[in-house]
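K.L.:
Take a look at this one; I'll ask things after.
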Amino acid sequence: MRRPLVAGNWKLHGSRDGNARLLAALRTGLDPGWAVDVMVCPPFVYLAEAHAALEGSPVLLGAQDVSAENQGAYTGEVSAGMLREVGCSHAIIGHSERRTLYGESDELVARKFKAVVAAGLVPVLCVGETLQEREAGTTHAVVQRQLDAVFAAVSIEEFARGVVAYEPVWAIGTGRTASPEQAQDVHAFIRHAASMRSARMAGGLRILYGGSVKGTNAQALFGMPDIDGGLIGGASLEAGDFLTICNAAAGTVT
Ligand code: PGA
């Protein structure tokens, strides 16, 4: 059984006061009996404070991005070792906003994957196609290419340390969610691609869905066999919505 993971990607949102309120509400609302791992990914500058606010709670802390480098003359970058030191266990890499707005290549994302694993953290590798690519029928090819870059850079053991998040670009922040069947199709494809490397690794690989997940559609998405939780943007900024989604992933919503 793969234990589901629900990760909140706060993106460029938050404030010290707002974060304190949101984290306190999550601590109070999260039932430790729910069979789900829950994580928040605030902007870098808030990570240490969020770590302190979450002390003693099961809520995990992740970063939204990370440098592929460990140290050196890389102005503006933050290394995986630094993230570990401030309490992160995970780092999102290759989010479509990083790929499209900041020109991150498949190869750079693969180097980040390696750096994160080397630091002892879990990379959350985002993959997914644009609307144009979907309409051209190249969804599987795009996802395969994104995965292949990482497969080429890391061993099976290293890949097994990561989590994959399928995020169709056309569904991110648009209110337009992939249907559970559309998402399942790509999740099954990702698991199949992973099984070509190692059936054992593929069987244990957690594959999250992201793109306009809300309290109202989470249950149907998480009910699909290859969807092991979600990467949540907008709906992670409101404790009630986020907790409903966590509850759905835990399978405790009936
Ligand atoms: P969204 O974002 O839930 O707001 O669509 C998801 C993401 O980009 O991780």
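K.L.:
What is the spread of the Cα atoms of region 168-218 along each of their three principal axes, largest first, in whole Å?
P.N.:
That gives 35, 19, 16 Å along the principal axes, largest extent first.
K.L.:
For region 1-37 and region 136-185, write down the distance between their C-alpha centroids in whole Å.
P.N.:
First find each Cα centre; the distance between them is then 23 Å.
K.L.:
Can you compute the charge dipole magnitude of the chain about its Cα centre, using +1 on each Lys and Arg Cβ and -1 on each Asp and Glu Cβ, nothing else charged? Give it in debye, rounded to the nearest 20.
P.N.:
Working: 21 positive and 26 negative charges, 60 e Å.
It works out to roughly 280 debye.
K.L.:
If the elastic network links every pair of Cα atoms under 10 Å, which of Ala63, Ala239, Ala136 fluctuates the most in the Gaussian network model of the chain?
P.N.:
Of Ala63, Ala239, Ala136, the Gaussian network model singles out Ala136 as fluctuating most.
K.L.:
Put +1 on the Cβ of each Lys and Arg and -1 on the Cβ of each Asp and Glu in region 1-80; which of Gly14, Gly62, Val36 then has its Cα farthest toward the positive end of the dipole?
P.N.:
Selected residue: Val36.
K.L.:
Averaging over every viewing direction, what projected area does the convex hull of the Cα atoms of region 136-254 cover, in nm²? Don't skip to the end; give the middle numbers.
P.N.:
Values: hull surface 30.5 nm².
Result: 7.6 nm².
K.L.:
Hey, got the dipole for region 43-156? About the Cα centre, +1 on K and R Cβ, -1 on D and E Cβ, debye to the nearest 20? Intermediate results must be reported in sequence, preceding the final value.
P.N.:
Details: 8 positive and 14 negative charges, 41 e Å.
My answer is approximately 200 debye.
K.L.:
Over the chain, consider all pairs of different Cα atoms and compute the Kirkwood hydrodynamic radius from their mean reciprocal separation; express it in Å, one decimal.
P.N.:
On the way: mean 1/r = 0.0555 Å⁻¹.
In the chain this quantity evaluates to 18.0 Å.
K.L.:
Normalised by the residues of the chain, what does the relative contact order come to in percent, with Cα pairs under 8 Å and at least six apart? The partial results should precede the final answer.
P.N.:
Details: 489 pairs, mean separation 54.6, N = 254.
Relative CO of the chain lands at 21 percent.
K.L.:
Percent of alpha carbon pairs in region 110-184 separated by more than 18 Å?
P.N.:
Details: 1224 of 2775 pairs.
So the portion of pairs separated by more than 18 Å is 44 percent.
K.L.:
Averaged across orientations, what area in nm² does the convex hull of the alpha carbons in region 1-50 project? Before the final figure, lay out the partial values.
P.N.:
On the way: hull surface 15.7 nm².
Averaged projected area of region 1-50's Cα convex hull equals 3.9 nm².
K.L.:
Quick check on region 1-98: what does the Kirkwood estimate of hydrodynamic radius come out to from the alpha carbon pairs, in Å? Intermediate values should be presented prior to the final figure.
P.N.:
Numbers: mean 1/r = 0.0703 Å⁻¹.
For region 1-98, inverting the mean 1/r across all distinct Cα pairs yields 14.2 Å.
Only the coordinates and a few stated rules stand behind these numbers; no lab work does. A quick note: this is a predicted structure, and the numbers were derived from the prediction, not measured. Virtual Cβ from ideal backbone geometry, glycine too; neighbours counted across all protein chains shown.
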